[in-house]
1. Using mean Cβ contacts within 10 Å as the protection proxy, how do 342-355, 417-430 order, highest first?
2. Could I have the simple spin-label model distance between SER85 and HIS208, label points 7 Å from Cα toward Cβ, reported in nm to one decimal?
3. Compute the distance in nm between two label points, each set 7 Å from the Cα along the Cα-to-Cβ direction, one at GLU361 and one at GLN121.
4. Kindly state, to the nearest 0.05, the FRET efficiency for ARG112 paired with PHE409, given R0 = 35 Å and r defined as their beta-carbon distance.
5. Pairs to check: LYS128/LYS362; LYS126/LYS362; LYS126/LYS336; LYS336/LYS417. Give those whose C-alpha atoms are more than 29 Å from each other in this structure.
6. In region 85-174, what GluC sites (Glu not before Pro) fall in a loop by DSSP, with at most 11 other Cβ atoms inside 10 Å?
7. If each residue of separation counts as 0.36 nm, what is the full-extension length gain between VAL420 and PHE282 once their alpha-carbon separation is subtracted?
8. Skipping prolines and chain starts, which residues have an amide H placed within reach, meaning under 5 Å, of the one on ALA97, given they are 5 or more residues away or on another chain?
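The values are calculated or read from the model by the stated rules, or taken from the named source; none is laboratory data. Model, not experiment: these values are computed from the prediction. Please note: Cβ atoms are built from the backbone with ideal geometry, for glycine as well, and neighbour counts cover all protein chains shown. Just the protein is used for accessible areas: all its heavy atoms, side chains included, with ligands, DNA and RNA removed. Shrake-Rupley method; radii C 1.70, N 1.55, O 1.52, S 1.80 Å.
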Amino acid sequence: MATNCRTAVSPFAYSVPPTGLVLLTGTQTLCKMFKAAVNSSLCPVVKDLRVFAPRCLSLSAGLCARAPRPKPRDVPQIAGLERVSYAARMHYVPGLAKPELPPWERGWKDPRQYRSPKPEQMELYKEKPCYIYNQRTNPLEGVRQALWLTKAKLVEGLPAQILSLAEDPANQIEDQDVRVQNAIRHARFWDTTERRPSRERFCPSLLHNLLHLCGGLQATHPGLARRMLADKYSLAASWSRGEDLFQVRGQNGLLLNCMSPLPALAGQEEIQSTADHVLETFYPISPTIDLQCTHVYEQKNSIGFREDYPYPHAHTLYLMEAGNTPPLYPEQLRAKMIMFAFGNALARARVLYGNESKVLEKPIVVQSVATNGRLFQFVVFQLNTTELESDSGVKNLAWVDADQPLYDFAKIRPLIKKKVVRVPAGLSGYQPDTFKKFLALYLHGAA
């Protein structure tokens with residue numbers, strides 16, 4: 001019986017190597033036959049093959065794996081020996097080598113076939129790398145990293161001068177709370193027929209509605225007529241921090257410009273006292289983490305407008321966390337506000353005082369407001385010095401007021417759980433103090 005079994009199975013057992021059974025059998029029938037033969041106690045020859053047989057007999061295991069691309073073979077170049085190719089015949093010939101032809105030039109520029117030169121061959125290539133902060137940068141350490149890059153001291157809350165503007169009844173809008181709530185309802189409910197409007201739609205609508213309300217005070221505050229709102233402007237500011245070179249550049253939100261600069265918020269005594277402040281470090285994490293490193297760059301400083309622009313001074317930068325921009329956590333969003341407020345102030349300082357590093361006679365103040373349609377972030381940055389290489393000396397100042405909700409909920413339908421209305425339909429949880437701060441920042445320098 002064993003002889004018959006050995007004779008019947010021997011062609012199958014010895015003709016196919018055990019490691020190639022999965023690829024060469026090709027059918028489930030052969031796999032079942034081989035598995036039955038291996039488990040059989042009547043076939044000693046096949047039983048010995050169980051040591052070498054693969055444990056997985058599934059056909060999908062061999063077909064799902066993607067074979068790695070073969071590496072290009074290095075062709076040796078032998079002096080005095082030319083390879084015989086099929087270049088003269090102008091078609092493929094088996095046995096002959098592939099010809100090495102020079103790249104074909106069309107004689108005209110085809111944007112679909114453009115090949116960028118190597119970075120080393122570009123005109124703007126430099127040996128020293130530059131670390132760039134743009135609108136898509138998501139810094140790991142958030143505000144701490146931004147404070148180190150800008151050599152700034154953090155102050156919680158808004159300055160007293162701005163808070164006094166918010167509490168002054170002369171700076172309030174008529175029926176302010178009612179009109180602000182209507183602006184919120186317009187952005188969330190009345191501006192669209194969708195059941196749930198996207199953030200990309202209601203966030204810019206809400207910001208423009210609030211700016212429109214603030215602009216209505218032009219009759220009582222004539223200084224508001226000396227301003228201009230700019231969109232899609234490009235900023236560039238360069239500075240050295242330690243041994244590294246940094247840049248802030250790119251497009252970033254809406255910029256409110258004015259004809260005259262904002263007054264300084266900190267006096268000379270407070271500015272000189274910042275020399276004793278020690279900047280917080282986050283060793284062993286590098287300060288350049290998550291910043292774009294490049295060797296092809298142009299070291300320049302530009303406010304994004306022409307020299308004869310009648311509104312050269314940056315007043316407030318408005319950032320929107322809409323759906324078409326990379327989502328950022330609140331900590332990273334505040335870091336972005338500090339960096340671009342610092343970039344606008346530094347670019348203006350380069351225009352006024354040149355590229356020389358020194359303590360500024362008149363500090364430059366730039367404000368920033370960011371929102372996701374519900375929460376508001378407020379930042380006020382005062383540039384006191386352009387000596388940014390070392391950690392010693394006078395520091396810059398950054399006031400941050402974080403996570404200020406304008407309202408709690410804006411529901412088209414009520415939220416009901418266990419037959420109890422948890423959140424009613426419509427607007428609920430309106431916070432009037434948040435808009436007061438928004439209005440105070442807008443009126444700063446004109447009230």
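1. 342-355, 417-430
2. 5.9
3. 5.1
4. Taking R0 as 35 Å, the efficiency between ARG112 and PHE409 is 0.10.
5. LYS128/LYS362; LYS126/LYS362; LYS336/LYS417
6. Answer by residue number: GLU100, GLU105, GLU123, GLU174.
7. 44.9 nm
8. Amide H neighbours of ALA97: VAL84, SER85, TYR86.
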